[in-house]
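Quick note: the coordinates plus some simple rules give every number you see, no bench work behind them. Given the structure is predicted, the values throughout are model-derived calculations rather than measurements. Every residue, glycine as well, gets a Cβ built from its backbone with ideal geometry; the counts of neighbours run over all protein chains shown.
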Amino acid sequence: MEKNKDLTEWQDKVLAKSLARFPERRKQFTNHGGDEIPRLALPEEIDDQYVRLLGFPGSYPYTRGVQPTMYRGRLWTMRQYAGFSSAAESNKRYRYLLEQGTTGLSVAFDLPTQIGYDSDHPMSLGEVGKVGVAIDSLADMEMLFEQIPLETVSTSMTINSPAMVLLAMYVAVAEKQGVAPQKLQGTIQNDVLKEYVARGTYIFPPQPSLRLITNIFQWCGENTPSFNTISISGYHIREAGSTAVQEVAFTLANGITYVQTALDAGLELDVFARRLAFFFNASSDLLEEVAKFRAARRLWARIMKEKFGAQNPASCMLRFHTQTAGYTLTAQQIDNNIVRVTLQALAAVLGGTQSLHTNSRDEALSLPTEDSVRTALRTQQIIAHESGVTNTVDPLAGSYFIEQLTDRIEREAVELIDKIEQAGGVVAAIEDGFIQRQIENAAYAYQKEIESGERMIVGVNGFQITEESRPPTLRVDPEAETMQVAALSQLKKTRNHDRVKNSLEDLDRAARTDANLFAYVLAAVKEYATLGEICDVLRQVFGEYKQH
Amino acid sequence: MHKHNSPFRVLIGKPGLDGHDRGAKFIARALRDDGFEVIYTGIRRTPEEIAAAAIQEDVSAIGLSSLSGAHLRLFPAVVEALRAAGVTDIAVLGGGVIPEEDIRQLKEAGIDEVFTPGTPLEVILEAFRSACRQQRKTHQP
């Protein structure tokens, strides 16, 4: 057979370069019998349609993956979302996870932190340290990363409306460790649009929120070139009840909005676009999920190239984190959840994820215990090292079903994105409630199917048993809130009041202009101004978003 | 459907900062489909706001939802706010990610029923119907 020119070009330019820079994990990948496993299985004949729709991994349109060798080169980052109670407690859990072989940190903040309230705010009652760690000031952040080398560990932070404040604290902690911002690796979620429709931790109205996001893109472009400045998230949209197609459509529509806003502010596309990351849900419908990831990757590449005219290949790559679907976990027969998570994690890996969080079996009951977290991590390790699916790139490509489904999800997502654009864009569609209604209707239909028995959830509406004993659950120390409030009050006594006040006044003045606010926030956190104080300044200037 | 002329009125509330409203919205809609009049507060309400809304809207029962682990503080606070306003005949039901061992404590604090994940919808609807019937019995002359 004559060698295909597209294939030759890929081998010579893309693959060779990648292999030279990042050798594969093994010299040879073989099965138990010693047969070699091909890096990339291809159709007998590589025609134009194949090249247009699927192409080669690490090449446009990236359907088969963003790296030429995928997991043969490097496994995905095993990144378990964790954090609870105090900074000291969470620091212990992170160090445990690192010891157990987790390869990146993922910080869960409590709800007051995520909504920009200090622990002593009346709205914080009962919520301090519950779903994540409480951070009031740089002092807490210093404790959170004590003895964790920020030069080598990559950290993902689930923080949205106050993302700038927490990132500034992270930069300040690194500085104290002697690590320059240029060396920092990680991701901040920084995706406020989905908070209005799905997750609920909004503070400011959409326009000033978009300004803060763009300010972060710009500051990070100049100072933290290896940090992902946003994680555009479909995860929570899916958790709120959307379908797979809606998850892709609403996420990419949000992505389009962030790109357009940054362009409008004068940022250069091929500088900021390469630091945009994504975050998807992996649910139990294994084949649909695999197709979803592939469709999202192809569609984002097309949007970046065709709509925005991206020149840099990295701007077109949809790199994503995945978390298994929390909404599928059951409180009944909780060991069944390990099996669900295995299917979901497998879907993420077959779909080419760059990092993965696997949920723990007991999360329908409470925050996970250490034992459950370890099993969740082991699930990833078993897929990585025992299942064999990491030995070849995009193993499901070419399946008639998978390719049809990939095409269908892309087509339907395009239709939905067009609908949103015709309705005036994402912000208008949020204010009108269009997106929320779509999600709500899908959630209602799904739950009705469970109630009617049309959809079986094993252990819930089928194969039930009487369970004698309840598994042990993790309890957050109820004293954590009191202690956090006491520490905060102590901090307020010991810092330099004038310098705190001045830094907040500077921020206030800057917020009333078009200035990039990052440097002002960084200066304030270094004076130990609290998260609540900083957000209050911005609330005064920007106003607060109210759900209607 | 209800046997009375006027439909039962209930309020679904999300106290605290938890934004997981999939369950609360589902219950609100399912109650509506069952013939209830339902007021849904939206997310991020204080216990005091929820109690005040319930009194103002003259509901027979309140359904509270929290998935953030703050239920032991927030659910009883709603009951206290009702009592502080002199109201004792509005039933308070709750649901969410609630460990088994917390249920007794919640009931002692005046929460009438607590539902954990996986509870069949019909069980929840019946609890609301029964709470409303009870309230109407004691409320009517």
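Other chains' Cβ within 10 Å of B:115-121 residues: what's the mean?
5
For the stretch A:181-228, the convex hull drawn through the C-alpha positions has a volume of 68 cubic angstrom per residue. Per the Cα gyration tensor, the stretch B:9-134 maps to an equivalent ellipsoid with semi-axes of 18, 17, 14 Å, ordered largest to smallest. With the convex hull of its Cα atoms as the shape, the stretch A:374-446 has an orientation-averaged projected area of 8.3 nm². Calculated translational diffusion coefficient of chain A (4 °C, 1.567 mPa s; Stokes-Einstein with Kirkwood radius over alpha-carbon pairs) equals 53 µm²/s. Inter-chain Cβ neighbour count for A:339-347, averaged per residue, equals 0 (cutoff 10 Å, partner chain atoms only).
Note on the stretch A:73-131: the C-alpha convex hull projects to 4.6 nm² when averaged across all orientations.
Partner lysines whose Cα lies under 26 Å from the Cα of A:LYS419, excluding those fewer than 8 positions away in the same chain, are identified as A:LYS194, A:LYS292, A:LYS305, A:LYS307, A:LYS546, B:LYS25. Bridgeable lysines around A:LYS3 (alpha carbons under 23 Å apart, same-chain partners fewer than 8 residues away excluded): A:LYS13, A:LYS17. Here the stretch B:20-41 and the stretch A:77-94 have alpha carbon centers that stand 35 Å from each other.
Restricting the calculation to Cα atoms, the stretch B:1-52 shows an Rg/Rh of 1.04 when the hydrodynamic-style radius is the Kirkwood one. For the peptides A:240-249, A:468-477, A:125-134, the ranking by packing is A:125-134, A:240-249, A:468-477, with the highest mean count of neighbouring Cβ atoms within 10 Å listed first. Peptide B:12-24 has a mean of 6 when you count, residue by residue, the C-beta atoms of other protein chains within 10 Å of its C-beta. Packing around the peptides B:72-82, A:257-267, taken as the average count of other Cβ atoms within 10 Å per residue, puts them in this order, highest first: B:72-82, A:257-267. Taking Cα atoms, how many degrees apart are the long axis of helix A:87-99 and the longest axis of chain A, rounded to 10 and kept between 0 and 90? Roughly 20 degrees, rounded to the nearest 10.
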